[in-house]
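A.B. asks: Have a look at this one before I ask anything.
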Amino acid sequence: MSGRIFGRAALVGCALLTWAGLGPLAASASSARYRTIDVPGATGTNPWGINNAGTIVGYYTDTPGGFTASAYVLDAYVEQGNRYTTINDPLASPTYGAEALGINDKGVIVGDYLDSTGLLHGFIYQDGRYSTLDDPNAGTGPFEGTVLSSINDRGLIDGYYFDSSGVWHGFVYEGHHFTAVNAPGAGTAAGQGTYVSHINNRGVVSGAAFESNGDDSAFIEQAGRFTTITNPAGPTTTIVTWVNDRGVIGGGYEDTNSVEHGFTDSRGSFTPLNDPDAGTSSGQGTDPTNGNDHGTIVGYYVDEAGEQHGFEVTPGP
């Protein structure tokens with residue numbers, strides 16, 4: 001669920017931070033309105049970030065079964081005709097491409113691209129200009145390097161990198177300084193470590209620890225304090241992919257039949273989130289990736305034919 005190339009099947013467990021101003025901002029299961037997002041000509045669409053203006057960023061695949069992807073920005077307002085703009089970083093390899101993963105309310109976009117050697121680099125896109133941002137501790141081999149997950153309105157960026165041994169490490173970037181985010185219990189071998197998915201304007205970071213025993217434990221972190229969230233549905237695999245500024249938590253989980261489901265958690269009130277067009281077989285289902293402060297949520301679903309589509313869900317009246 002963490003990205004085009006960087007997916008980890010299971011992210012378990014996790015924690016809840018509540019805020020005094022928290023309100024019922026998640027779309028209810030009965031009144032939610034779903035809209036399918038398919039980039040024209042794409043073989044699969046994955047929205048990954050949304051800001052409070054409703055602008056969506058993500059990536060789409062244009063080669064069946066391949067890793068090739070292009071970053072895109074979708075203006076989600078229907079009256080503007082669902083216009084898509086491709087924003088491939090000019091340094092990206094045309095063989096591998098790029099993905100946009102986060103956007104703040106100022107319109108600054110972050111993500112990653114793969115160069116011609118297969119090395120990952122983080123990118124920042126602002127006012128039509130691209131800049132590269134790499135954690136200095138990242139590995140320099142194929143499919144190593146840096147991924148930028150999100151950016152808040154203060155300009156703090158979170159993400160993760162793969163070191164030369166294939167271990168994941170989280171970080172927050174502020175003012176030319178990288179601060180490590182390494183979850184307690186995270187493993188230190190290839191395919192283990194810390195995954196960071198989102199940072200909100202309060203500085204709350206969400207992510208997951210990949211442990212040495214094969215278990216995964218999702219977390220929320222603020223100022224060095226890690227908290228765990230428990231999914232009341234009781235599945236064995238859970239990921240929290242965002243916490244908005246009002247404390248609403250969102251993510252997804254895998255049931256015992258390996259079907260993906262979404263959820264939101266507002267003040268401990270758990271609400272399932274399943275796109276009505278999602279398949280119900282193993283490897284299918286609904287994966288929310290982000291939500292804004294107005295209760296609008298984006299993500300992707302896999303239908304009964306095994307095809308991936310983006311979606312946007314808004315609260316009902």
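A.B. asks: For S212 paired with T228, estimate the spin-label separation in nm (one decimal), with each label point 7 Å from Cα along the Cα-to-Cβ line.
C.D. replies: Computed distance between label sites S212 and T228 equals 1.8 nm.
A.B. asks: If you bin every alpha carbon distance in segment 218-305 into 10 Å steps from zero, what whole percent lands in each bin?
C.D. replies: That works out to 18, 50, 27, 5, 0, in percent per bin.
A.B. asks: At a 10 angstrom cut-off on C-beta neighbours, averaged per residue, how do the peptides 102-115, 165-178 rank from highest to lowest?
C.D. replies: Result, highest mean Cβ count within 10 Å first: 102-115, 165-178.
A.B. asks: Something else about it: What does the convex hull of the alpha-carbon atoms of segment 159-317 project to on average, in nm²?
C.D. replies: 10.5
A.B. asks: Cut-off is 10 Å between beta-carbons; in what order do T117, T132 appear when sorted fewest neighbours first?
C.D. replies: Exposure proxy ranking, most exposed first: T117, T132.
A.B. asks: Mean projection of the alpha-carbon convex hull of segment 172-266 over all orientations, in nm²?
C.D. replies: If I average the Cα hull's projected area over directions, I get 6.8 nm².
A.B. asks: Oh, and also: Highest first, please rank the peptides 214-223, 285-294 by the mean number of other Cβ atoms sitting within 10 Å of their residues.
C.D. replies: The peptides rank, most packed first, as 285-294, 214-223.
A.B. asks: Same structure, new question: Could you list log10 I(q)/I(0) for segment 77-170 at q = 0.13, 0.17, 0.18, 0.20 Å⁻¹, which the Debye formula gives when each Cα is one point scatterer?
C.D. replies: -0.45, -0.72, -0.79, -0.93
Laboratory data are not the source of any read-out in this text; all were calculated from the coordinates shown. Just so you know, these numbers come straight off a predicted model, no measurement behind them. Note that we place each Cβ from the backbone using ideal geometry, even for glycine, and neighbour counts take in every protein chain shown.
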